[in-house]
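First the structure, in the form of structure tokens, and then the observations on it.
The values are calculated or read from the model by the stated rules, or taken from the named source; none is laboratory data. No experiment lies behind these values; they were computed from the predicted model shown. All Cβ positions, even for glycine, are placed from backbone atoms using ideal geometry, and neighbour counts span all protein chains on display.
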Amino acid sequence: MQTYSLNGQWQCLPDENDIGIEDKWFLYDKIKDRNYHLIPLKIPNSFNLIDGYDLYEGVFWFFYEFELKNKVDFSNFDYQIKFKGSNYNTRVWLNGFFIGEHEGGFTPFKFLINDHLKSNRNYLVVRVDNTRDKDGIPSIYFDWFNWGGIYRDVDIIILNKNRFRDVRITTEILTRKSAKIHISYKVIGKIKFEWQIIDYYNNEIIENGKRTTVFNRDEFSIYINNPRLWSPQSPALYQLQIIDLSLMNKRNILFQSDFGIRKIEVRSGGLYLNKKKIKLKGVSLHEELLPYGRTIPYNKRNEDLQRIKKIGFNSVRTAHYPHDEALLEIADKLGLLILEEIPVYWDCNYKSRKTFKLAAKMLVNLIGRDYNHPSVIWWSVGNEIPTHKKECAKFIENLMILAKNHDSSRIVTYVSRKLTSDLMRRKGDVAALNTYFGWYFGVMKMLSLILDWIRTPVLNKPWIFTEFGAGAKFGYRHKGKNPPKFSEEYQLALLDHTIKTINSKEYFSGWFIWIFRDFKTILKNNTYQQGFNRKGIVGEKSTEKKLIYYHLPKILNKKRKKGFNTKFIGIILWIIFFPFSHFITTHLVTLITTNVDKKTYKRGIQRLLNPN
Ligand code: GCB
């Protein structure tokens, strides 16, 4: 496989009235002959970084001319165009011909272009529309910025006619001294190949063999002695290489992928990595860094994860959608456990078959993309969704079944913000809870009792506190007692209290601070926020470190002093209040917060649509 990058200087054109299709902007001459004011833009990049388009939601067209270095050879190769990420709806034309369409902003997609690719000049046209859609995923309301456009790499992929697909490497630890590596794949055509397992540690081939597969699914297993296991403390990596043996003198690598030998398991109410109990201590991260938007340079992503690791975290939740694969490559190398999620978020059209199909496609694509990364330990199929509604419960349950069918080696769950009324929690491998006690509602001191209460229906599974946090405006400091909300001191106090509380509860197998970095959102607009969610431990450019940042290394492992144990009181509360539980959470706690939020959302959306 060879790749030919189409990154570089493109031209683009906003289409505010959506006339481009009717006006045939996909034809080269149409654009060339008219005096359109084309805007140069370095792709990958979001169009919201163009002056004057920072809040734009709508259609943008992109134009790019290219010539492949070598002559095209359709008898031996297939040519695909691959987009690693483009938000939200993307249509592609090559040399005037429609090539394909893709819906969804965060997973890669590709189209075969043999029929229209030329050896000399090629003219590529892409139309991207980031208008919110009620049937989309996410739907209309979400608490992050809707960066539009082609914001990840674009490549031409040149594939041998005979090739591998869907190569999956699954590892199993058999004994302390041996491991099994299971390789499954599909072959298009007929391939005689050699496989090799390379150990990065000594940089040597530790196992190899030969095989032939004809048009089929196939699989084989390799056993290795004294395996070095992958873990956050020791992220040992191996590499699988598959080499074509049909070419006599040329070494043609058909497939290669790094992998790690590790096992994540849920058993007896705990989380185990390589058979040892583990507590996840992590932070969430949006794929955004200013001034780059979502197109974060590799070295900056690396810097993020290095800092996260250095603070002492062992895991990262990639909120709320798949990030660029570069993040996973870095996490594999550094030893950070990653929680991945598809953007099924808040209210989507759970009744729609089309929306379900879209979610299912995103999930399967994500699992396909990231299966071989040892850092990835979990698939979440949704965040803060209304599981009390029948249609949503079914939607989520079916997605969890789908995830398990595609990958039974990882944790499958969804994330809920409901306290007592989410009876679906039992169906996930772990119970995942988001709650902003002491921020959006409640008082910090009540947290311990509330947790002991709400866990009652899921006593046998590990709980993960997937979100908690407090906003802080960098530089807003308060001396003395009772720091106000949005001060750095309040954030420090809340995170300190919450972490201590969770660390003291054996049924919690992990927690994730919301969030590493402040991020843009049209939904947060008070004096301290001004278009940013301020719950980051660093500011939106990563340069400003808040007070909590310096304290975290000391706080991560803190526990509460042993005090009054509310475990049994929690269970009794559950029994007493069970008949009212739905009312309490759905109609009181959740509604109070949702109503407050909804007003802000509406204002935010209105401001976006009518900036003046
Ligand atoms: C949540 C959401 C997250 C928001 C966060 C907040 O519960 O899961 O996407 O950004 O609250 O800060 O309001």
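Worth a mention:
- Across segment 443-472, the qualifying residues are those that are away from the ligand (no atom under 14 Å from the Cβ) and assigned to a loop (DSSP other than H, G, I, E, B), and the one among them that is surrounded by the most Cβ atoms within 10 Å (Cβ to Cβ) is Pro462.
- Residue match in segment 115-131 (condition: under 27 Å from Asp407 (Cβ atoms), more than 16 Å from the ligand (Cβ to nearest atom) and surrounded by fewer than 17 Cβ atoms within 10 Å (Cβ to Cβ)): no
- Selection of first residues in segment 368-386 that are farther than 17 Å from Lys263 by Cβ and of second residues that are among the small types (Gly, Ala, Ser) and within 16 Å of the ligand (Cβ to nearest atom), restricted to Cβ pairs under 8 Å at least 6 apart or on distinct chains, gives the following pairs, ordered by first then second residue: Ser380/Ala432; Asn383/Ala319; Glu384/Ser416; Ile385/Ser416.
- Summed over segment 30-77, residues that are charged (D, E, K, R), outside any loop (DSSP other than H, G, I, E, B) and within 26 Å of the chain's Cα centre (by Cα) total 1.
- Subset tally (residues that are assigned to a helix (DSSP H, G or I) and more than 16 Å from the ligand (Cβ to nearest atom)) for segment 473-507: 11
- Subset of segment 293-310 [surrounded by 17 or more Cβ atoms within 10 Å (Cβ to Cβ) and in contact with a helix residue (DSSP H, G or I) (Cβ under 6 Å, 6 or more places away or on another chain)]: Gly293, Arg301, Asn302, Leu305, Lys309
- Among the numbered conditions (1) away from the ligand (no atom under 16 Å from the Cβ); (2) in contact (Cβ under 8 Å) with a residue 24 or more places away in the chain, the only one that Asp143 does not meet is (1).
- The residue that is surrounded by the fewest Cβ atoms within 10 Å (Cβ to Cβ), among those in segment 514-542 that are of a type in the set (Val, Ile, Thr) and away from the ligand (no atom under 11 Å from the Cβ), is Thr527.
- Candidate set: segment 146-166, residues that are part of a loop (DSSP other than H, G, I, E, B) and within 30 Å of Ile515 (Cβ to Cβ); chosen: the one farthest from the ligand (Cβ to nearest atom): Asp153
- Search result, residues across segment 146-187 that are without any contact (Cβ under 8 Å) to a residue 40 or more places away in the chain, out of contact with any Asp or Glu (no Cβ under 8 Å at 6 or more places or on another chain) and over 30 Å from Gly105 (Cβ atoms): Thr175, Arg176
- Some residue of segment 341-357 being within 16 Å of the ligand (Cβ to nearest atom), out of contact with any helix residue (DSSP H, G or I) (no Cβ under 7 Å at 6 or more places or on another chain) and within 23 Å of Lys279 (Cα to Cα): yes
- Among residues of segment 314-342 that are of a type in the set (Asp, Glu), those with a Cβ under 6 angstrom from a residue that is within 16 Å of the ligand (Cβ to nearest atom) and not in a strand (DSSP E or B), sequence gap 6+ or separate chain, pair up as Glu341/His320.
- You will find that of Ile197, Ile169, Ile137, Ile181, the residue that is within 16 Å of the ligand (Cβ to nearest atom), of a type outside the set (S, T, N, Q), modelled with pLDDT of 95 or more and surrounded by 17 or more Cβ atoms within 10 Å (Cβ to Cβ) is Ile137 and no other.
- Matching option when the condition is of a type in the set (Phe, Trp, Tyr) and within 16 Å of the ligand (Cβ to nearest atom), among Tyr321, Tyr371: Tyr321
- When Tyr436 is tested against (1) in contact with a Leu (Cβ under 7 Å, 6 or more places away or on another chain); (2) within 13 Å of the ligand (Cβ to nearest atom), just one condition goes unmet, and that condition is (1).
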